[in-house]
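Participant: The structure's right below; bear with me while I get my questions together.
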Amino acid sequence: MRIVLCDDDKAFVQQLCKVLQEYFQEIRTKCPEIAYFYSGETLLADTGAKDIVFLDIEMPERDGFWLAEQLGISCPETRLIFVSSHESWVFDAHEYMPLWFVRKGLLKRDMGRALQKYFQVTARRKISYKIQGGFGAGEVLLRDIMYIECNGHTLTYKMSGGAEYSVYGSLKPVAEELRDYGFLRIHRNYL
């Protein structure tokens, strides 16, 4: 996962970066790569992945709406989150189908909601997951895994339809593998 920040205010970008790092620390997940840009042109020139783009609306030369349009063409899978100190922009932002709108004055609160929304939306994708080990488990949809319980060296995958799959293993490597899909280790025995 790669998060991209684009804002012409360098001090705000650092603040945004800090809030993101604190968020991932609070949920006990390794912070993903964060890239930041101070203009839309430099962001568009970047060839790296762009899973989430936090995009300031008011920037010199090219505004965030222009950049959102360009990203919609070149990176259609990218999730846009607009950032602004002007709440009135929220209605104009809907034209570009953003995932969320973050107010600079309520940065920490809105940031948490935006990231939760991102994890909800991406968890709905039909991503299959192969349960390693065990017999007959095969592949399951990632969104169908409710939680994983570890008892000794037995991992039990609890599925939304009531099915269970038990395999031999350790929770730590599974937690690292599923971290980018919104799975959190809430206890030493539960993911």
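Participant: Amide H neighbours of Glu58 under 5 Å, at least 5 residues apart or on other chains, H built in the peptide plane: list them.
Facilitator: For Glu58, the qualifying residues are Gly64.
Participant: Calculate how steeply helix 64-74 sits against the longest principal axis of the alpha-carbon atoms of the chain, using the helix alpha-carbon long axis, and give the answer as 0 to 90 degrees to the nearest 10.
Facilitator: 50
Participant: How tilted is helix 10-26 with respect to the longest principal axis of the chain? Cα atoms for both, answer in degrees (0 to 90, nearest 10).
Facilitator: The helix 10-26 is inclined about 10 degrees to the chain.
Participant: Same structure again: How large, in Å, is the chain by the Kirkwood hydrodynamic radius built from its alpha-carbon pairs?
Facilitator: Values: mean 1/r = 0.0549 Å⁻¹.
Across the chain, the inverse of the average 1/r is 18.2 Å.
Participant: Go through Lys10/Lys108; Lys18/Lys50; Lys50/Lys158; Lys108/Lys130 and tell me which ones have a Cα-Cα distance over 28 Å in this structure. Provide the component values of the computation, followed by the final result.
Facilitator: Numbers: Lys10/Lys108 18 Å; Lys18/Lys50 19 Å; Lys50/Lys158 32 Å; Lys108/Lys130 36 Å.
Correct reply: Lys50/Lys158; Lys108/Lys130.
Participant: Can I ask one more? Just the number, please: carbon plus sulfur as a percent of the accessible area of the range 38-188, 1.4 Å probe, no ligands or DNA/RNA counted.
Facilitator: Values: 4420 of 8800 Å².
Heavy-atom surface of the range 38-188 belonging to carbon and sulfur, 1.4 Å probe: 50 percent.
Participant: Find the accessible area per residue for the chain; the probe is 1.4 Å, ligands and nucleic acids are left out, and the unit is Å². Could the numbers behind the result be given before it?
Facilitator: Numbers: 10920 Å² over 191 residues.
Value returned for the chain: 57 Å² of accessible area per residue.
Participant: To one decimal place, what Kirkwood hydrodynamic radius in Å is obtained for the range 1-73 from all pairs of distinct Cα atoms?
Facilitator: Details: mean 1/r = 0.0789 Å⁻¹.
It works out to 12.7 Å.
The values are calculated or read from the model by the stated rules, or taken from the named source; none is laboratory data. Just so it is clear, the structure is predicted and the values come from calculations on it, not from any experiment. With ligands, DNA and RNA removed, areas are computed over all heavy atoms of the protein, side chains included. Shrake-Rupley method; radii C 1.70, N 1.55, O 1.52, S 1.80 Å.
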